Amino acid sequence: MLSETIRALQSYIRLTAAKFRETERIGPFLATYYLEADSPFLNYAIPDDGAVPTKDDVAALTEAFRKRGLVPRLEFLTEAVPAAEAVLVECGYTLERRVPLMICSPGQVVAQPAPAGISLVTPKTGGELRQMIRAQNVAFGEEDPDQHLDPSPDQLSGDTLSVMAVAETGEVVGGGVATPILDGATEVAGIGVIEEYRSRGIAAAMTEYLTREAHARGGRSVFLTPGAGQAERVYGRVGFETAAECVHLSVV
């Protein structure tokens, strides 16, 4: 039986993926399309909980993405849809990666040492948010970090929690967010620190900051998907534990 935690997290992922995107129901799949960009990471489908898609379902999904000039792609929790991956692979989809999904419930968060010479600040104005987003762009290696700096409406309203790391010089050197809380769930995402300030505990401190604030606002299931390298270990120090697996599949 699907656990309530997994059900709630997959529901949250499905609802937030559809936000600000065009959606299309294709058999047991919800396809989401981001109209402003063709990035495969912004255009993907999510199967229904417990779905056992047929080959015809998969063919229809593939065609829907192809006719839009997009890479057919899916992201979902394997525990929520255990039968889907085998059918998709049989139909030509390949595994991109398996990503652990980590959760920190209230009472589990672990205090982190304050990074020397760094202040953690909640950006409130559009200008402050743009500084934070630019630092994130630099941290993630964007070719032009001065593009796409406009904060989302949820960031401006404060529904999306934001934090930026500010050096003694006043330079913003990192940032991160926690998405709007929905049915007690929220995702910590975009934790980034520019290269020359890494390995100082800033990422862990920002994660703790966002997690505590999310708990204080009623977030019962604060979750994240760690990136490559040492990220999983860093988040584990903050109190996050692996609870599920997110699988990414696509076909060329």
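The values are calculated or read from the model by the stated rules, or taken from the named source; none is laboratory data. Note that the structure is predicted; figures quoted are calculated from it, not measured. Cβ atoms come from the backbone with ideal geometry, glycine included; neighbour counts cover every protein chain shown. For accessibility, only protein heavy atoms count, side chains too; no ligands or nucleic acids. Shrake-Rupley method; radii C 1.70, N 1.55, O 1.52, S 1.80 Å.
A few remarks follow.
- Single residue of the range 180-216 satisfying the filter (modelled with pLDDT under 95 and among the hydroxyl-bearing types (Ser, Thr, Tyr)) that is nearest to Val99 (Cα to Cα): Thr186
- Residues located in the range 203-225, provided they are in contact (Cβ under 8 Å) with a residue 40 or more places away in the chain and either of a type in the set (Asp, Glu) or within 17 Å of Gly141 (Cβ to Cβ) (or both): Glu208, Glu213
- Every condition in (1) assigned to a helix (DSSP H, G or I); (2) within 23 Å of Ala244 (Cβ to Cβ) is met by Thr62 except one, and the failing one is (2).
- Sole residue being assigned to a strand (DSSP E or B), closer than 25 Å to Arg217 by Cα and in contact with a Phe, Trp or Tyr (Cβ under 9 Å, 6 or more places away or on another chain), chosen from Val173, Val163: Val163
- Selection of the range 210-234 for residues being open to solvent by less than 50 Å² (accessible area, probe 1.4 Å) and over 27 Å from Ala45 (Cβ atoms) yields Leu210, Thr211, Ala214, His215, Gly218, Val234.
- Annotation: of all residues in the range 106-121 being in a strand (DSSP E or B) and among the hydrophobic types (A, V, I, L, M, F, W, C), the one that is farthest from Tyr209 (Cα to Cα) is Ile118.
- Test for Thr16: is it under 15 Å from the mean Cα position of the chain (by Cα), among the polar types (S, T, N, Q), at pLDDT 85 or above and surrounded by fewer than 18 Cβ atoms within 10 Å (Cβ to Cβ): yes
- When the range 51-107 is filtered for residues that are free of Cβ contacts under 8 Å to residues at least 12 places away in the same chain and among the aliphatic types (A, V, I, L, M), only Ala86 remains.
Rundown of residues vs (1) touching a Leu at 6+ places or on another chain (Cβ under 9 Å); (2) of a type in the set (A, V, I, L, M, F, W, C), yes/no style:
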residue	(1), (2)
Val52	no, yes
Phe65	no, yes
Ala84	yes, yes
Thr94	yes, no
Gln112	no, no
Ala116	no, yes
Pro123	yes, no
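- Taking (1) surrounded by fewer than 18 Cβ atoms within 10 Å (Cβ to Cβ); (2) free of Cβ contacts under 8 Å to residues at least 40 places away in the same chain; (3) hydrophobic (A, V, I, L, M, F, W, C) in turn, Leu182 satisfies each apart from (2).
- Ile103, sole failed condition from (1) open to solvent by less than 50 Å² (accessible area, probe 1.4 Å); (2) in a loop (DSSP other than H, G, I, E, B); (3) among the β-branched types (Val, Ile, Thr): (2)
Residue-by-condition table, conditions (1) within 17 Å of Val238 (Cα to Cα); (2) of a type outside the set (Val, Ile, Thr); (3) in contact with a Pro (Cβ under 8 Å, 6 or more places away or on another chain):
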site	(1), (2), (3)
Val121	no, no, no
Ile133	no, no, yes
Glu168	no, yes, no
Arg200	yes, yes, yes
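- Qualifying residue in the range 77-96 (condition: touching a His at 6+ places or on another chain (Cβ under 8 Å) and open to solvent by 50 Å² or more (accessible area, probe 1.4 Å)): yes
- Looking only at the range 133-147, and only at residues there that are in contact with a helix residue (DSSP H, G or I) (Cβ under 9 Å, 6 or more places away or on another chain) and closer than 21 Å to Ala205 by Cα, the one that is surrounded by the fewest Cβ atoms within 10 Å (Cβ to Cβ): Val138
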